[in-house]
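J.: One structure follows; several queries about it will come next.
The values are calculated or read from the model by the stated rules, or taken from the named source; none is laboratory data. This is a predicted model, so every value here is computed, not measured. We place every Cβ from the backbone using ideal geometry, glycine too, and count neighbours over all the protein chains shown. Accessible surface areas use protein heavy atoms only, side chains included; no ligands, DNA or RNA. Shrake-Rupley method; radii C 1.70, N 1.55, O 1.52, S 1.80 Å.
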Amino acid sequence: MKNIKLRLIVLNFLEFAVWGAYLTSLGSYLAKNGLASQIGWFYAVQGFVSIFMPALIGIIADRWIQAQRMLSICHGLAGCFMLGAWSYATGGNISFGPLFTLYTLSVAFFMPTIGLANSVAYNALGKAGLDTVKHFPPIRVFGTIGFIVAMLFVNFTGFQNTCAQLLTSGLLSLVLSAYALSMPACEIVKTQGKKTVSEALGLNAFKLFKNQKMALFFVFSMFLGVSLQITNGFANPFIQSFGSVAEFADNWGVKNANALISLSQISETLCILLIPFFLKRFGIKTVMCMSMFAWVMRFGFFGIGNPGDGVIWFILSMIVYGVAFDFFNVSGSLYVDLKVNQSMRSSAQGLFMVMTNGIGASVGTLCAQAVINHYVYSQPEGLDQIAGWSTSWYIFAGYAFVIGILFLLLFRDNDKNTGNKKEIVTSESDTLDAPGGMSEL
């Protein structure tokens, strides 16, 4: 277990560098190649595959294949399919069907790796006798740094508007596929006696819905997940759209949209470090509320700003993104880990991904595409489209505000001792109504 923190730092750096190579710039590449009205599908498909792939892969990792080996397999396949998408795109005359198919196969195996990487890290920290709430966030920071480095690499090499971003992502995935095998071995759950079908398949994580607090947590995670991919898919095309206006044509931010957006990830690195303090001081409800209202500001500031004299609003939008994303994604993952037994750790993380990056993100991205198609791409380039972008951002901000108010009123669990593990399901045979189970929360 020597140098386990450093090893996990490298793991997280590579995990999110794979994603950062294309996540914020793919929209602009598609828009410049005649696929502007279909950007939403490329981001929504990450949600569609997250509805079943993270849970399925999580079950396999809990039951049959060690999580670190499953992480390696998934990245190997994701990298190969992403390189296939790059190879197709280099031929020119890009059509939606082939590119979308190869891309979909890649993200189908990538999306489960986020939860798997968390499980591998939690396992390694636990074996080293380290508190996950205290030690994981500083490690996770380097995931965001990896994302930023990949974004800036793609920006300053000019890859943000070419298919070379797919090549970058594919190669990084293959590197991580090899590196994952060096991680400490994760246990495979073995049960005694006769098992139900649910236990055999590792579906006990779905019993979490029997508890009102956890059910509400997962439902609101889904509603908040609607916001997750909107700016990833559309912020870059939005900022570059100002280039059609003479006043902004030569603006640095317009030409380096990815670099400007990277301020969001820089904010993430700082906000991740605040999570242990905020969780223990204020509890999960307050932290989640902060995230929801930060999304209101994230969208609203985009609606107000421009890359010229209104760039301060863009910068403020980037700053609040750290709270919006981390106080939801990272805190939510830690909350789930602290509420379940290790026997369903990977499955529970997979379920969290299903609700957030699965159902929530897929519905949210397609709805956002419909809004943007109506208010933006139905208008001529220039000021008319920019006005449409502002309207769209205000609509997204209004949605986040309503969800935040509902969460504030309905969610009751605000335990401020989140750092102390309180298992909801303590063994394979537990039911959620049994003594010591979820009903006692």
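J.: Just the number please: accessible area per residue for the chain, 1.4 Å probe, all protein chains included, in Å².
T.: About 36 Å² of surface per residue is accessible.
J.: In what sequence, largest accessible area first, do HIS75, HIS374 appear using a 1.4 Å probe?
T.: Working: HIS75 0, HIS374 115 Å².
Correct descending sequence by accessible area is HIS374, HIS75.
J.: At a 1.4 Å probe radius, which order do LYS255, LYS207, LYS339, LYS280 fall into by accessible area, largest first?
T.: LYS255, LYS280, LYS207, LYS339
J.: Membrane-span-like helices in the chain: DSSP H runs reaching 18 Å or more (Cα, own axis), mean Kyte hydropathy at least 0.5?
T.: 4-20, 39-63, 67-89, 96-127, 132-156, 164-179, 212-225, 257-304, 311-339, 383-410
J.: For the chain, with all protein chains present and a 1.4 Å probe, just round the carbon and sulfur fraction of the accessible area to a whole percent.
T.: Roughly 66 percent, rounded to a whole number.
J.: For the chain, build the charge dipole from Cβ charges (+1 Lys, Arg; -1 Asp, Glu) around the Cα centre, then report which of SER331, GLY300, GLY92 sits farthest towards its positive end.
T.: In the chain, that residue is SER331.
J.: Would you tell me the accessible area of VAL402, worked out with a 1.4 angstrom probe on the heavy atoms of the protein chains, in Å² to the nearest 10?
T.: Here the accessible area works out near 80 Å².
J.: Sticking with this one: Alpha carbon centre of segment 224-300 versus segment 44-58: separation in Å?
T.: Distance between centres, Cα-based: 24 Å.
J.: Where does the chain land on the Kirkwood hydrodynamic radius, alpha-carbon pairs, in angstrom?
T.: Its Kirkwood hydrodynamic radius stands at 21.9 Å.
J.: Could you order LEU83, LEU171 by accessible surface area, starting with the largest, using a probe radius of 1.4 Å?
T.: Descending order: LEU171, LEU83.
J.: Return the calculated 222 nm mean residue ellipticity for the chain, to the nearest 500 deg cm²/dmol, obtained by summing -39500 (n - 2.57) across DSSP H runs with n ≥ 4 and dividing by the residue count.
T.: Helix-only estimate at 222 nm: -23500 deg cm²/dmol.
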